[in-house]
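One structure below.
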Amino acid sequence: MKSILTTTVRINSEASKLLPVKTDKPVAYETAMEIMKEVAEMELVPPVKLGEVVASGVCGKKINLISTKNVEK
């Protein structure tokens, strides 16, 4: 079974410490666990726009992480 993974990524911002993101396509449970390990090591720098690809080719696969919120600073 596959589903869209939603999670948060650390962001170096005064307004928010976490940025909500989602995968651009459904992923299997095993792949989701790999993605979560990679996400745990990420830290983004603003500005980030809603719908922006914040990480492409996650875990060496054709999966992108998409921002689901605007963060200016």
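The values are calculated or read from the model by the stated rules, or taken from the named source; none is laboratory data. These figures come from a predicted structure and were not determined experimentally. Glycine gets a Cβ as well: all are built from the backbone with ideal geometry, and neighbour counts include every protein chain shown.
Computed quantities for the displayed model
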{"quantity": "Single unsatisfied condition, GLU43 versus (1) modelled with pLDDT of 95 or more; (2) surrounded by 11 or more Cβ atoms within 10 Å (Cβ to Cβ)", "calculated": "(2)"}
{"quantity": "Conditions (1) surrounded by fewer than 18 Cβ atoms within 10 Å (Cβ to Cβ); (2) in contact with a helix residue (DSSP H, G or I) (Cβ under 8 Å, 6 or more places away or on another chain); (3) modelled with pLDDT under 95: number failed by THR7", "calculated": "(3)"}
{"quantity": "Pair list, Cβ under 9 Å, 6 or more apart: the range 8-37 residue closer than 12 Å to SER67 by Cβ, other residue of a type in the set (D, E, K, R) and surrounded by 14 or more Cβ atoms within 10 Å (Cβ to Cβ)", "calculated": "SER16/LYS69; LEU18/ARG10; LEU19/ARG10; LEU19/LYS69; PRO20/LYS69; VAL21/LYS69"}
{"quantity": "Tabulated pairs, the range 38-62, first farther than 19 Å from ASN12 by Cα, second part of a loop (DSSP other than H, G, I, E, B) and not aromatic (Phe, Trp, Tyr), C-beta under 6 angstrom, 6+ apart or interchain", "calculated": "SER56/ASN64"}
